[in-house]
Structures are given as C-alpha cells and as structure tokens.
1. Output the residue which, of all residues in the range C:18-46 that are among the small types (Gly, Ala, Ser) and facing chain B (nearest Cβ under 7 Å), is nearest to the chain's Cα centre (by Cα).
2. Take residues that are at pLDDT 90 or above and either under 16 Å from the mean Cα position of the chain (by Cα) or outside the structural domain of A:TYR324 (by TED's automatic domain parsing) (or both) and tell me which of the helices (runs of 4 or more DSSP H) falling wholly in the range A:38-114 contain 3 or more.
3. Testing C:TYR148 on (1) part of a loop (DSSP other than H, G, I, E, B); (2) open to solvent by 10 Å² or more (accessible area, probe 1.4 Å), one condition comes back false. Which one is that?
4. Only one residue in C:LEU235, C:LEU280 is assigned by TED's automatic domain parsing to the domain that holds C:MET164, part of a loop (DSSP other than H, G, I, E, B) and in contact with a helix residue (DSSP H, G or I) (Cβ under 9 Å, 6 or more places away or on another chain). Which one?
5. Can you find, within the range A:104-133, the residue that is farthest from A:GLY321 (Cα to Cα) among those that are buried (at least 21 other Cβ atoms within 10 Å of the Cβ) and charged (D, E, K, R)?
6. Picking from A:LYS61, A:LYS99, which residue would you name as being within 10 Å of another protein chain (Cβ to nearest Cβ), over 26 Å from B:ASN225 (Cβ atoms) and out of contact with any Pro (no Cβ under 8 Å at 6 or more places or on another chain)?
7. Taking the condition of being under 17 Å from A:TYR111 (Cα atoms) and open to solvent by 10 Å² or more (accessible area, probe 1.4 Å), how many residues in the range A:249-274 meet it?
Amino acid sequence: MNKSMATISLLIIIGITLFMIKGDKEDILNQADKQLSGTINIDGSSTVYPITEAVAEEFHKKYPKVKVIVNYSGTGGGFKKFYNGETQINDASRPIKSKEETEIKKNKITYIELPVAYDGLSVVVNRKNPLFEDDNAYISTDELKKIWEPGSKVQFWSEVRDGWPKEKITLYGPGVASGTFDYFTKAINGKEQASRKDFSPNEDDNALVKGVTGNTYALGYFGYAYYIENKKLLRALPIKQGNHPAVPPTAITIEDGSYQPLSRPIFIYVNAEAAKDPALKTFVEFYLDNAATLSKEVGYVALPSQVYDLAKKRFSDSTTGSIYATGQKLPLEQLLKQ
Amino acid sequence: MSGNNIPYRRFKEKIFKGLCRLMTFSAILILGVLLYHIVSEGWERLSSDFFNNLPSRRPSQAGIKPALWGTIWLMGLTALFAIPLAVASALYLEEYAKKNKLNYWIDINIANLAGVPSIVYGMLGLLFFVRVLALGNSLLAGALTLTLLILPVIITSAREAIRAVPRGLRQASLALGASQWQTIWFHVLPASLPGILTGVILSLSRAIGETAPLIMVGAAMYIANVPEGPMDSYSALPMQIYDWSSRPQVEFHELAAAAIMALLGILLFMNGIAVWIRQHYQVKGK
Amino acid sequence: MTVYNASTKNWKEESIKKLLFLCAFLSILTTLGIIWILGSESFEFFKEISFSDFFGSEWSPLIQPQSFGVFPLVCGTLHIVVISSFFAIPVGLLSAIYLSEYASNRSRAMIKPTLEVLAGIPTIVYGYFALTFVTPLLQKIFPSMSVYNSLSASLVVGIMILPMVCSLCDDALRAVPSGLRQAGYAMGSTSTEVSLKITIPAALSGIVASFVLAFSRAIGETMIVALAAGSLPNLTTNPLESIQTMTAFIVETGKGDVAVGTVEYNSIFVVAGLLFLITLVINLIANLLLKKYREVYE
C-alpha cells in the first residue's frame, strides 16, 4: 500500500462523513409528546421482531425521546432476560411454557400476555410441481401427518395419496429449536417436537425457500411472509382438516380463523410493574393501536378488531397470567373473554 | 554425481513458480467474484439517505446510521483495548518468560482460545461484563467481549514477529548498556511492528464482522439512536446486515449488500492505516 | 537525559515486567472463565445423560424421542475442517511463497491488503455466497448433491481462512534471514529448492502457527455452515449431503426456543466444552510436532 491507496481510503472516509453531516429532520410535535422519555428494552422471538421493529419505528417519530431497543435472541432466551428484569417486553411466537412460569414466579415478576397478530404457517411446494396445479388441489392434515410423523418411512408422493406418481419427496423445514417447528409439530403430529428426523432443516427461512424452489417435488413449511415474497416460485397448499373444505392461506382466511390448524397467534409479554411507567404504558397502547396496520405491512395478518379491543382492555386492567393456563383449547377471542 | 540435471531442476522451478502464481491469482479471482456479487446487488441502494436514515420496515426509507456509528465506536474501543493488551502479553511471553510449566500452559492456552467459537465468548461476555461487572448492554461490554475474542490472534502473530527479531539486535543493545525494557521499547518493538500489525489487521477484520457474540451481550437489532459514550446502548453493521439478510423481501437483501459495502469501506480505512504503517516500517527495516 | 541509578532502573524494570505478566495472565483468566461457564452446565447435563449415551451415533436433542449421541456433530465438524484445510493450506502457503519470493514490492503491496479484505467480509455473506453461488455451481458437476451440503460450506470456509494462512505465512517467510537464502543461491540452487528446502523449514514455526490458527478458525466457524450445510445431524463421509456441525448446533439451539435448565439447554454447553477439548488436543499435537521439526538459526 503506497500513498495513493492511503489517499483513496482517506477520500472514502471523508465522503462517508460528508454524507452523514446532513443532520436530522425535525418533526412538528406537540410539547407533551416531545417530553415523554425513558428506555424500553425488548427481546425475544425473531418471528415477532419485524412487527415490534415497525412499531418502534413509528413510535420514535412520535416520541423521539423514548429510547426503544429491540433484539431477537429467541423466544426462550428472551424469556430468560425478561424474568431477570433485563427487558420490559418479551416478543413471543408461542405462549409461555410452564417451566418459564415457574422461573418468573421465582423472580417475583408478573406479566401481561397480549396477542398482537396472526402468523399463517404455510405448507409450500414448488410452483412447477404437477401434483398441485389443479384449482382444487389440496393436502389434508392426515396426509401431512403421514409424511411428517415420528418414524415416518414415507419417501415418495405415491405413498401419500393413491394416483400420485412415485417421485421422491424432499422435505424442508425450519430449525428444530424454533417456535415454528414446535407449532407445526404440535398442530400436525399432536405433540410438540414430535417429527421424523430425516428432513432438511435450516435456521434461515430464505435458505428454505431456496431449498424448495430448487427441487420440483420438494415440500416445505415456513412463515407466511416468506411464501408471499416468493409467490412466483412457490405454491402454498390449501389445507383440508377433517371434513371441512380445504382452505388456502390468505390474509382473509388467516384473520377469520378458517385457515386451520396452522394459524398461530403471536404475542408480547409485558412486565406488569414496569407497565406503570408512562413511557412503557404509552408504547404498549401504541403497539396495540397500530398492530393491525403494521403487521400487514411486514407480512403478517392482523387479528380481528374485537380481539385487539379485548387485548387493550386486558392491558388497561393489568390482567396478569396466561390465557392458556387452564389448558383449554378455545379460539383466541373466547380465551381472552374469560 | 550423475549427469547434468539442471534443465530438469529449471523445469521444476518453472512449474513451481507458475503454481504459486496460479494460487495467488485464484485467490484474488474468488475475491473478485464475491465482491462483484455484493456490489452488483447493493450499488443502487447507496445514497446519502442510506447513510443518514434510521432502519425502517420500508426498504426505501431504511438506512444504517445507528449501525454505522455503533460499529465505528465498537472498533475504536476494541482496538484501544486489544492492541496494548496483546502486545504486552506477547512481549512478556517472548522476552521475559522463563521456560517453566506455567508459561508452557499459557502458550497452549492462547492457541486454544483462538479456536473457541465466538458465541462462547458471547456467553463469557454476558456473564462477566454485562452481569458481574454490571456494564449492562453497553458499548464497553461489547468492546471488551470482542477484545477477548481477538486477543489470541494478535498475541500469536505478535509473538511470531517478536521471535523473528534477530538475537543479535537485542545483544547489541544490551551490550551498549540499555536495560531490558529499553531494548524492547526502542529496538525489538519497532523491528517486530510489521508482523504485529498483520495480526492487528486480521483480527480487527474478524471483529468487525462478528454478530453472534454481540447479540449475546445485548447489541440491539433495532435502535434509533447513535451512541454518545462508551456506556450507551448500540447497534452494529453486522447486526443490521444479519437482520436484513434474513428478511424475505428482496429489497432488504439489496440493502444488506449496500450495508456490506459500507462495512468493507470502514475495513479498508482501518486496514489502510495499519498497512501504511506496516509498509513504512518494513521498508525501513530492510 | 535522565540519569538512572541502579535502584530506580531495577524498580522500573520490575514493575514493567509484572505489568506485562498480568496481561499475559489474562488469557488464563479467560480460559478459566470459559471452563467455569461450560463446566457447570455440562455437569448438570451428565447428571441425566450417561457417558456411553453421549458417545453414541444419534443426535436428536429436540425431536422426540430424544437422543444425545454426539458423533454426528463431531463428524460434521470434521467434514468442514478437513475439506477447508485441504483447500486453504496449499493455496495459502503457495500464495505466500509467491508474495514473499517472487512478487515485486509493488504487486505485493497491492495483493496482500486485498487478500486481507477477504478476512473482513461478515461470515453471513459467505454463507449466502455458498448457498446462492457455490452450491448451484457444484450441482452442475455433482447432480446428486443436495441443496444443503458440506462441500460448498467447507470450500467457502476455506476461502474465509485463506487470507489468514497466506498473510501469516508470508510474514513468517519474510522473517527468515536473507543470508540463508543467499547461501542457497550461492550453492547453485533454484528458487524452488531454496523455498522448499531452506526457507520453509526455517519459517516452520510461523507457518505451523498460521495453520493452527486457520484450523481453529475453521473449527469455530458457525454462520457459513449453518446456512449452507443445513441443520441435519448426519454421520456420513459423503460431502454431498447435509450435515450439522457442533458450532451450528450451539448457535441454532442457543438462539432458539430452548427453556433454560432443561437437558437440551445443557447440551449446548456440553457440545461447546467438547469443541474446546478437541481444539486443545489439536494444539497440543501441533506443538509437539513443531518441537520435533523446528530449526533454529541463531
């Protein structure tokens, strides 16, 4: 490296600095908004993160003095920080587990559980897959179970349904430590983490998309947002549960609950004590007010407006504890009403 | 001695020389392909807005300002801690340490630490810097964690560099009445500086791209503020790149590519300084 | 110029020496910290899982029925280390020879920093590069290759550690006193013979150090393998298949949904501990070999 290269590097950095001297744009706000200050730490699920980030982004425009810091170390890791008091909100792609409940009680922390959106888990195949080109094509939950259950020896499409060709099914799925995997296995195989072991998992959903698009007879499952972005190359299969008609995942079917059993609600857990702080209180209220529009923007599905109202009431009443504590299998709206 | 094998040996030399040349240019070719990949994806996204904006869910409005400044702060602090610590350790081990058991284990130890996956350093940083020392999710905790991560590499290459300084140089200095420390400071250190700098360059390069340990010690994926001091919360470019690469939308992948270019820019700058110093001392040494 | 009398000089020397010692000792403290973290959770793990179970051949901590045989993960790591080293070590060493022996000062001044930039590219970028560029390319040569495979990941890890090998070997080779080379030339040797028979043996310590560092880096690599090699624990010798390395397992599970205090959670620390031990053994072996073959020229 001689002087000319050093000069070029120097010019690069001067250029970058000049770009950055631009300065912030000032928004016109009322006095009260400008004064609200505080720090909010949020961690947890990478699934919920895009929504939380969008909320934080809009919130910052309105209340620039409140520092909102968001991270995603995973739902489990996030809960650990939550019950250590290091975060005030935990993003969760699943309800709290009993072991986590115990730890939270041990640390004398109380939480308010709030659903914020729906994620529709989509079962996808390659768009070129000839088995599903028909408008009436579907796959049933029983067939999915046959393919994915623990110890399953299914290798070819012909073993799944009569009349299908003897082509090898290449299976793709999310990493086994993810909430998505937990949810799918519970919904399809009846038990969390119960699955066949010989599929191709990948932590990164973009890599899963690559897997399915690279293979005509592949089958995979991942979040709705990743399907939507790659609609040209993928086909999401309508799911037939029992005697109900087959339902494809769309924003409407996920919101009105007809896309079952693979619609899952996603949550935020708020520290009840910390929620007394005006900054945090305003943030959570803002979150619930805006979750419907923002979740749509980032590829998720909004909850019905009644559910948001119930959630807002839950928050203003400071109702603690989980709606799943009774173990009942009811739709979200009814659980919230109890 | 049987016959004249000089033509054969010349031939061997031609092959060998050619092979070396081929290898070097293959390496450069691979770099070229990789860079082309990145630049073609990210070029469109580079703009003044990109450097000034906060991250956003809308690709057209998203920028890297907090992440960029976070990385600059982080690198500055890490270099500040790591370089003196590493050089001091290397000097001790090469110049002062006797060949006893303790020092043998320190040797093995350092080489071993270079292989520990970065996430374990993250765990260490979380436990010790964030919790025990109560530094919280601050730049300082992040910088100290990264320091621990890169120390072994700098120490190893510094040691090799110091070891390579001819003994004669030290003896001459001592013969003229200088103390051990004066010998080190005025003679050994300058002579080994180029080698030490190589280690510094390689390890800072590594540190700038690390994500996993930073996630563990609390670097934010999203933050709207630029850090103002070492105890502030922060984000960093590799976090932003990681976040954007994982999104489904193609626009975010382009943004990620642009952010990578920004990262490489900072890297080039840091390396530029170090390389200039190294070149300066190496020429002088010869 | 300050006058040093015997006592101030000694005091200053001694305190400097102690200060430097403390810095070196920091590395021991770091290791102790790591051993503490890994050891305490591993201890919990072995309360529930026996040693013989652990050294088994099926690794399935999160899919029921659970199984904690660690060999598939070790095998995965081995794939990466072996293939990446086979690539990076020869290419790195030969490039280093080119840079130190044959390249002009000018080209060396340009090439060396260029290669070092390779070291700064975040590993996730390499991961996507492996998945989107290298794998499709290799699939043309090996049609039976699956989308996630260890070959692409290993080659890209090799590319990542290449600058380390090259740069450090280059430094080591340059540090060999030119008198030795000159002596070789004076005796009529070609540059190849001088390089292979004189310079490399003289620089062996530095060269092996660079190999060990590169090896260690390859063992500890996470992102590239997680993306390109997949997450399927697989006991196989076929590089065209998907595998999971110890590091990928640690990061994926650590980042994921595992509740603290469970056996699955503790398994993260056990695997990290095993990794640590394996690296230690490799270092000890390298050290022993080095002692045997190193030549000192003073």
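The values are calculated or read from the model by the stated rules, or taken from the named source; none is laboratory data. Just so it is clear, the structure is predicted and the values come from calculations on it, not from any experiment. A quick note on method: Cβ atoms are made from the backbone with ideal geometry, for glycine too, and the neighbour counts reach across all protein chains shown. Each accessible area value is taken on the protein alone, full model and side chains, heavy atoms only, with ligands, DNA and RNA left out. Shrake-Rupley method; radii C 1.70, N 1.55, O 1.52, S 1.80 Å.
1. Within the range C:18-46, the first condition is being among the small types (Gly, Ala, Ser), and the residues that meet it are C:24, C:27, C:33, C:39-40, C:42.
Narrowing further to those that are facing chain B (nearest Cβ under 7 Å): C:24, C:27, C:33.
Working: C:ALA24: 22, C:SER27: 18, C:GLY33: 21 Å.
Selected residue: C:SER27.
2. In the range A:38-114, the matching helices (runs of 4 or more DSSP H) lie at A:49-62.
3. Going through (1) part of a loop (DSSP other than H, G, I, E, B); (2) open to solvent by 10 Å² or more (accessible area, probe 1.4 Å) one by one, C:TYR148 breaks only (2).
4. The conditions single out C:LEU235.
5. Residue satisfying both the conditions and the ranking: A:ASP119.
6. Matching residue, one of A:LYS61, A:LYS99: A:LYS99.
7. 4
For every residue, the table says whether it meets (1) more than 30 Å from B:TRP43 (Cβ to Cβ); (2) surrounded by 18 or more Cβ atoms within 10 Å (Cβ to Cβ); (3) touching a strand residue (DSSP E or B) at 6+ places or on another chain (Cβ under 8 Å).
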{"site": "B:PRO166", "(1), (2), (3)": "yes, no, no"}
{"site": "B:GLN171", "(1), (2), (3)": "yes, no, no"}
{"site": "B:TRP185", "(1), (2), (3)": "yes, no, no"}
{"site": "B:VAL200", "(1), (2), (3)": "yes, yes, no"}
{"site": "B:ILE208", "(1), (2), (3)": "no, yes, no"}
{"site": "B:ALA212", "(1), (2), (3)": "no, yes, no"}
{"site": "B:TYR234", "(1), (2), (3)": "no, yes, no"}
{"site": "B:ALA258", "(1), (2), (3)": "no, yes, no"}
